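The values are calculated or read from the model by the stated rules, or taken from the named source; none is laboratory data. The structure presented is a predicted model; accordingly, all values stated were derived computationally and were not measured. Ideal geometry is used to build each Cβ from the backbone, glycine not excepted, and the neighbour counts take in all protein chains shown.
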Amino acid sequence: MPTQSAPMSDSMSDDADHLHEECGVLGIWAPGRDVARMAYFGLHALQHRGQESAGIAVGDGSTVLVRKDLGLVSQVFSDSDLSAMPGHVAVGHVRYGTSGAKSWEAAQPHLSAINDVIIALAHNGTLVNSDSLRRELVNLGIPFRSNTDSEVAAKLIGYFTEQTHHLRQGIARTMSMMEGGYAMALVRENALYAFRDPHGIRPLVLGRLADDAGWVVASETCALDILGAQFVREVVPGEIIRISDDGFSSEQGICRDIPANCIFEDVYFARPDSVVFGRSIYSMRYEMGRQLAREAPCDADLVIGVPDSGLPPAEGFAHEMGLPFGEGLIKNRYVARTFIQPTQELRELGVRLKLNALRDNVAGKRLVMIDDSIVRGTTSKQIVRLLKEAGATEVHVRINSPEVSWPCFYGIDTDTQDQLISANKSVEQIRDYIEADSLAFLSVSGLLGSVPMNGYCCACFTGEYPVEIPEGFSKGNFLDGYHPNNLSHASRTSQMRIEDIVREPVTGPRGRGEATSEPIMKEKSE
Ligand code: SF4
């Protein structure tokens, strides 16, 4: 691996030292229930996936109403807002936006009109070919209000639906054109739709409310729990689900491709009480900690974790090593994102706002400190300092994921490669930079052995990207000497014209993947 040095930027917030999920999505079909309030509670459960904006769209049988704004769920909605949104079907969204798109227009759900039909779209993910799709749509005379790929998806669905006169056909054709990682929930006045990219990169689960009262789709099962919905299954990659007065129906919008679930969901993004493929995120992280202890054992007086995602692997590490596990860092749970000016003093304040050392537990002790990842290294350095200032005699850092050396293009806000410390420094150089007494990362095979299934995307560790990255999209993201696989001169769909797709029956992702063996239930009517 190249170890060239590149300057680490000074322009950052304390949050810039973590990968960020860009969104959480939710959909509810529950006639006779207060779906706006249900969406409000469901979004609270997904708040960790995005704190920049929140929104809910409700269908009442004749139209769709949207309320969205910048801020946390609790800041965006008042009781009277929710009372003014009666209906029986809803989608909701929380967003973590990248720096170029912090605007009301970029908040979701995205409202769009298709002739006299109104739709609202909630999207988690990133479309790597959105620029070329947007250009084509603009050439067709379709105007845009934001620079988001979510609006591109909504406009494309609108265009195809107008041409085919069927929303489901519009969604299927749009799926055949979109490339990247996405999970989407869409509401019209009388139906809920949910669909997911053919690799299943971004998560989406289906649940059922008690007493047959309706259905819920969500980014994570913790949102089902808060609504009292039973987990039914994952939304199948490439599947389109439709729920309306006609009942539940499903079909494969495009063929499934090689599975590539985002493994960072299991490492960091998802809540520990969420369940993926039958196992809780908590138990997976616990197992990662045990495996980390087998790979990089360390003698110490106490094992601590960086809250919250570092706590389960710290417990697992301590269990495997036969060492005591305890609290060493206390998190201030009332601090949301803090944008810190680029001075050393204020950056350190940013970390201290969120974390403080528990002096009684750490003073005079040799510590093992477990964290989920190191992105830039600046936060790890400050936490090690906090612990040493509180009297820890040694701080050994163990990371329950491999080194993040490659940027993500599928819905996670990562830096360009020059900002990723593991792309620039060896493990020993990073240890020296963060002032730890020792440092080790979990291996890729150790991580994959800690999770319940095969078929993960690990591109940010390996550079093996499951979906082609158009060179124009990734320009400037890679350092010299790094050669990711699956870089292409142009996107796979760049030779496909939107107008040609209108006329074709959609059968799959054009020459890739295989038809699913999942049972397919045909919808009754559109
Ligand atoms: S590159 Fe990393 S963060 Fe992005 S989808 Fe793949 S595993 Fe997840």
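Scanning the range 272-299 for residues that are among the basic types (Lys, Arg) and at pLDDT 95 or above yields Arg285, Arg290, Arg294.
When the residues of the range 106-119 are narrowed to those that are free of Cβ contacts under 8 Å to residues at least 60 places away in the same chain and assigned to a strand (DSSP E or B), which ends up surrounded by the most Cβ atoms within 10 Å (Cβ to Cβ)? Going through the qualifying residues, I end up with His110.
Hey, any hits in the range 382-401 for a residue that's under 19 Å from the mean Cα position of the chain (by Cα) and either in a strand (DSSP E or B) or in contact (Cβ under 8 Å) with a residue 12 or more places away in the chain (or both)?
The first filter runs over the range 382-401 and keeps only residues under 19 Å from the mean Cα position of the chain (by Cα), leaving 400-401.
If we keep only those that are either in a strand (DSSP E or B) or in contact (Cβ under 8 Å) with a residue 12 or more places away in the chain (or both) too, we end up with 400-401.
Scanning the range 382-401, I find at least one residue that is under 19 Å from the mean Cα position of the chain (by Cα) and either in a strand (DSSP E or B) or in contact (Cβ under 8 Å) with a residue 12 or more places away in the chain (or both), so the answer is yes.
Looking across the range 467-483 at every residue that is of a type outside the set (Gly, Ala, Ser) and in a loop (DSSP other than H, G, I, E, B), the one that is farthest from Cys457 (Cα to Cα) is identified as Asp480. Looking across the range 421-457, the residues that are crowded, with 20+ Cβ neighbours inside 10 Å and in contact with a helix residue (DSSP H, G or I) (Cβ under 6 Å, 6 or more places away or on another chain) come down to Ile421, Ala423, Ile430, Ile434, Ala436, Leu439, Leu442, Gly446, Ser450, Val451.
Do we have Asp266 as part of a helix (DSSP H, G or I) and outside the structural domain of Val73 (by TED's automatic domain parsing) here?
Details: part of a helix (DSSP H, G or I): yes; outside the structural domain of Val73 (by TED's automatic domain parsing): yes.
Yes; evaluated as a whole, the condition is true for this residue.
The residue of the range 269-289 that is surrounded by the most Cβ atoms within 10 Å (Cβ to Cβ), among those that are out of contact with any strand residue (DSSP E or B) (no Cβ under 8 Å at 6 or more places or on another chain) and in a helix (DSSP H, G or I), is Arg285. Within the range 451-479, residues that are within 22 Å of Ile421 (Cβ to Cβ) and touching a residue at least 24 places away in the same chain (Cβ under 8 Å) reach partners that are within 14 Å of the ligand (Cβ to nearest atom) and among the small types (Gly, Ala, Ser) with beta carbons closer than 8 Å, at six or more positions or on different chains, in the pairs Cys457/Gly181; Cys457/Ala260; Cys460/Ser405; Phe461/Ser401; Phe461/Ser405; Gly463/Ser405; Tyr465/Ala459; Leu479/Ala423. Scan the range 273-297 for residues that are out of contact with any Asp or Glu (no Cβ under 9 Å at 6 or more places or on another chain) and not charged (D, E, K, R) and the total you get is 3. Within the range 315-344, residues that are part of a loop (DSSP other than H, G, I, E, B) reach partners that are among the charged types (D, E, K, R) and modelled with pLDDT of 60 or more with beta carbons closer than 7 Å, at six or more positions or on different chains, in the pairs Asn332/Lys354; Val335/Lys354; Ile340/Arg347. Restricting the first member to the range 159-181 and to residues that are more than 25 Å from Asn261 (Cα to Cα) and touching a residue at least 24 places away in the same chain (Cβ under 8 Å), and the second to residues that are more than 16 Å from the ligand (Cβ to nearest atom) and among the charged types (D, E, K, R), the beta-carbon pairs closer than 6 Å and six or more apart or on different chains are Phe160/Arg173; His166/Glu526. If you go through the range 86-102 and keep only what is surrounded by fewer than 24 Cβ atoms within 10 Å (Cβ to Cβ) and modelled with pLDDT of 95 or more, you end up with Pro86, His88.
Tallying residues that are of a type outside the set (Gly, Ala, Ser), more than 18 Å from Val217 (Cα to Cα) and either in contact with a Leu (Cβ under 8 Å, 6 or more places away or on another chain) or not assigned by TED's automatic domain parsing to the domain that holds Val216 (or both) within the range 42-72 yields 4. The residues of the range 385-420 that are buried (at least 24 other Cβ atoms within 10 Å of the Cβ), more than 16 Å from the ligand (Cβ to nearest atom) and among the β-branched types (Val, Ile, Thr), listed by number, are Val395, Val397. In this entry, Leu442 passes the filter for residues that are within 22 Å of the chain's Cα centre (by Cα), at negative phi and either modelled with pLDDT of 85 or more or away from the ligand (no atom under 14 Å from the Cβ) (or both).
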